[in-house]
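K.L.:
Quick one: this structure, given as structure tokens, is what I'll be asking you about.
The values are calculated or read from the model by the stated rules, or taken from the named source; none is laboratory data. Because the structure is a prediction, the values reported are computed rather than measured. So basically every Cβ, Gly included, is an ideal-geometry build from the backbone, and we count neighbours across all protein chains shown. To get the accessible areas, we keep the full protein, side chains included, count just its heavy atoms, and leave off ligands, DNA and RNA. Shrake-Rupley method; radii C 1.70, N 1.55, O 1.52, S 1.80 Å.
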Amino acid sequence: MSSEDKVLIPPRDAQGRQLPPTADVTIGKTLTPFTPAIVAGAPPDDRLPDKFQPFEHLQEVYLPQHNAIVRRYFSDHPDDWKPNIATARSSLRVACTMLDSDNQLIMNLRHHLLFDLLGYGKSNLIVYNGSFNDIAPPVAGHPRVYFYFSQDIESVPHGIPRVDAEYSFRLIKETAATYTKAKATALATLIKEFFIVNGQGIHFTKGKNIYSYNDPTNGYRLMIYAHQQTDAIPIIEKMLQCTEIVYDQHKLTLHEPLKDNTITPPEQLVYEKEIIPPKFRPTANVRFRYAYVQIPLVKKAVYLVDTTHRHTPLVH
């Protein structure tokens with residue numbers, strides 16, 4: 001019989017039991033298995049041997065596989081590493097390595113330590129950060145349009161900081177490559193139409209309540225601080241009109257804090273001076289001043305309209 005007429009099988013003893021494991025389980029090192037050749041015409045017995053022990057068989061099969069993973073996980077150890085607990089890594093490897101004398105409980109604990117606590121079972125998985133119920137399209141690379149509002153200077157009490165606000169949305173259908181000066185000019189024309197009347201920007205009453213309009217598909221995640229709903233909704237509607245999006249009341253939510261915003265905080269010593277901290281979300285009228293767009297990879301902002309005459313806008 002030539003060597004081509006023979007096949008290799010796992011080694012078994014005369015009673016059909018599998019021979020001892022082909023790995024040194026104390027250190028997780030795989031040994032060279034002995035695989036005797038047999039005549040192909042005399043297949044092995046396909047029945048389980050008498051007094052077959054399933055748990056012992058499972059151990060003999062599982063231990064070499066598990067300990068090979070342990071060895072890979074602790075590949076920073078040298079090939080001649082010997083079991084010891086002199087360092088934290090060596091202690092962990094000893095705890096993870098399965099032994100032939102282990103019972104089922106200890107095997108489960110070693111498996112849990114390696115795969116769950118040390119994280120080997122998650123090493124090749126895709127990690128999703130955030131809530132699965134709040135999946136929004138990515139916004140990186142899309143131009144962002146900003147609207148700036150501030151309090152009229154003559155209405156600001158002496159010694160009190162000026163109240164202002166800035167809100168923005170993304171042009172989610174545009175990128176740095178597709179956005180052009182012509183498109184920016186068209187947007188500026190719409191902003192002038194909706195936010196400027198008789199040369200002055202429109203105004204609304206800013207306050208402590210937060211009116212959130214969430215429409216990430218169209219690039220809107222607005223959080224308008226306003227005194228009441230009649231102040232916030234017109235601003236939201238006008239921003240939506242700039243990109244021809246229809247207002248949807250179901251996308252609006254209200255957060256109304258109980259904290260009083262009329263109390264003036266006491267003076268505090270800051271950098272050797274007594275100052276009065278600002279009130280909590282004070283109520284004040286703020287007026288639209290200008291709008292600009294930030295385009296990815298463009299260093300300077302492109303001003304669309306400006307009522308302060310400090311910038312050079314696309315539309316006057």
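K.L.:
Under a no-solvent Debye model with one identical scatterer per Cα of region 162-216, what's log10 I(q)/I(0) at q = 0.17, 0.18, 0.20 Å⁻¹?
P.N.:
Reported log10 I(q)/I(0), two decimals: -0.84, -0.92, -1.04.
K.L.:
On to the next question. What does the accessible area per residue of region 200-316 come to in Å², with a 1.4 Å probe and no ligands, DNA or RNA counted?
P.N.:
Accessible area per residue, region 200-316: 63 Å².
K.L.:
Roughly speaking, what is the stretch gain from ILE202 to TYR146, that is 0.36 nm per residue apart minus the C-alpha to C-alpha distance, in nm to one decimal?
P.N.:
18.6 nm
K.L.:
Still on this model: Kindly state, as a whole number, the per residue volume in cubic angstrom of the convex hull around the alpha carbon atoms of region 172-316.
P.N.:
162 Å³
K.L.:
Express in nm, to one decimal, how much length is gained between LYS183 and THR87 on full extension, taking 0.36 nm for each residue of separation and deducting their alpha carbon distance.
P.N.:
The span from LYS183 to THR87 would gain 28.2 nm if fully extended.
K.L.:
How much of the pair distance distribution for region 201-262 lies past 15 Å, counting alpha-carbon pairs only, in percent?
P.N.:
The proportion of pairs with Cα distances above 15 Å equals 48 percent.
K.L.:
For the pair TYR271 and ASP248, what calculated FRET efficiency results from E = 1/(1 + (r/R0)^6), where r is the Cβ-Cβ distance and R0 = 51 Å, to the nearest 0.05?
P.N.:
Working from the Cβ atoms, E equals 0.60.
K.L.:
While we're looking at this one, here's another question. Report, to the nearest whole %, how much of the accessible area of region 211-316 belongs to carbon and sulfur atoms, 1.4 Å probe, protein only.
P.N.:
53 percent
K.L.:
Sticking with this structure for a sec: So if each residue of separation counts as 0.36 nm, and I subtract the Cα-Cα distance between GLU193 and PHE52, what length gain in nm does that give?
P.N.:
42.1 nm
K.L.:
With a point put 7 Å past each Cα toward its Cβ, work out how far ASP100 is from ARG72 in nm, to one decimal.
P.N.:
According to this spin-label approximation, the distance is 2.5 nm.
K.L.:
For a test of the definition: using alpha carbon positions, the gyration tensor, and the 1.5 limit on a/c, classify region 256-316 as rounded, prolate or oblate.
P.N.:
Prolate, because a/c is 1.5 or more and a/b exceeds b/c.
K.L.:
Under 27 Å from the Cα of LYS206, which lysines turn up, not counting those fewer than eight places away in the same chain?
P.N.:
LYS192, LYS238, LYS251, LYS259, LYS279
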